[in-house]
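Enquirer: Got a structure here, written out as structure tokens. Questions coming.
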Amino acid sequence: MAEDCIFCKIANHEIPSNFVYEDDQVVAFKDLNPVAPVHVLIVPKDHKLNLSQYSQEDEQLLGHILYAAAHIARELGLEENGYRVVTNAGPDAGQSVMHTHFHLLGGRKLSFDKQ
Ligand code: DGP
């Protein structure tokens, strides 16, 4: 756990949050500023800055995060219409919380800026 990391504190249940899923490796909770009707953050419990800090040793965890995303999407009824999973790594992606997290978005048509 990293000091002064808000997502570490949420994952550690030191700060209350709107949890939708938890297991031994990840927690998932509703985003504070949702940009879609369903906006869940999937957060590994171990603190790392973003995707660029993972190595081949983390393949299991990274696969598990996507598995958890698909599981949560199913539980929240997103499977039929679809959903998006995205992670922001670094300033050009607009990462604002410095603890790895994956956004699960759904419940509306999602545009995609490829520029
Ligand atoms: P990103 O731009 O990828 O770093 O997105 C960070 C997201 O985290 C952003 O959508 C807002 C959300 N967020 C920031 N602080 C909190 C918090 O304390 N609680 C919750 N639930 N979400 C937060």
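Values quoted throughout were computed directly from the atomic coordinates according to the rules given, and no laboratory measurement underlies them. Given the structure is predicted, the values throughout are model-derived calculations rather than measurements. Positions of Cβ are backbone-derived with ideal geometry, glycine not excepted, and every protein chain shown enters the neighbour counts.
Enquirer: Along the charge dipole of the chain, Cβ charges K/R +1 and D/E -1, which of L51, H64, G107 sits furthest on the positive end?
Expert: It is G107.
Enquirer: Hey, what number do you get for the chain at 222 nm if only DSSP H runs of n ≥ 4 count, each worth -39500 (n - 2.57), divided across all residues, to the nearest 500?
Expert: Roughly -6000 deg cm²/dmol at 222 nm, from the helical runs in the chain.
Enquirer: Next question, about the same structure. Using a cut-off of 29 Å between alpha-carbon atoms, which lysines can reach K114, once sequence neighbours fewer than 8 places away in the same chain are excluded?
Expert: K30, K48
Enquirer: Nearest 20 debye, what's the magnitude of the dipole of the range 10-115 about its Cα centre given +1 on Lys and Arg Cβ and -1 on Asp and Glu Cβ?
Expert: Rounded to the nearest 20 debye, it is 460 debye.
Enquirer: Which ³J(HN,Hα) values in Hz, rounded to whole numbers, follow from the phi angles of the range 95-100 under the Karplus curve 6.51 cos²θ - 1.76 cosθ + 1.60, where θ = phi - 60° and Gly and Pro get x?
Expert: Running phi through 6.51 cos²θ - 1.76 cosθ + 1.60 with θ = phi - 60° gives 4, 10, 10, 8, 9, 2 Hz.
Enquirer: Specify the residue with the greatest mean-square fluctuation among D31, D46, D92, computed from a Gaussian network of the chain linking alpha-carbon atoms under 10 Å apart.
Expert: Ranking D31, D46, D92 by mean-square fluctuation puts D92 first.
Enquirer: Please return the longest range in the chain lying between exposed loop sites, taking trypsin sites (Lys or Arg not before Pro), DSSP loop only, at most 10 other beta-carbon atoms within 10 Å, and leaving the sites out.
Expert: Working: sites that count: K109, K114.
Longest gap between qualifying sites, sites excluded: 1-108.
Enquirer: Given an 8 Å cut-off on Cα distances and at least 6 residues of separation, report the relative contact order of the chain as a percent.
Expert: 29 percent
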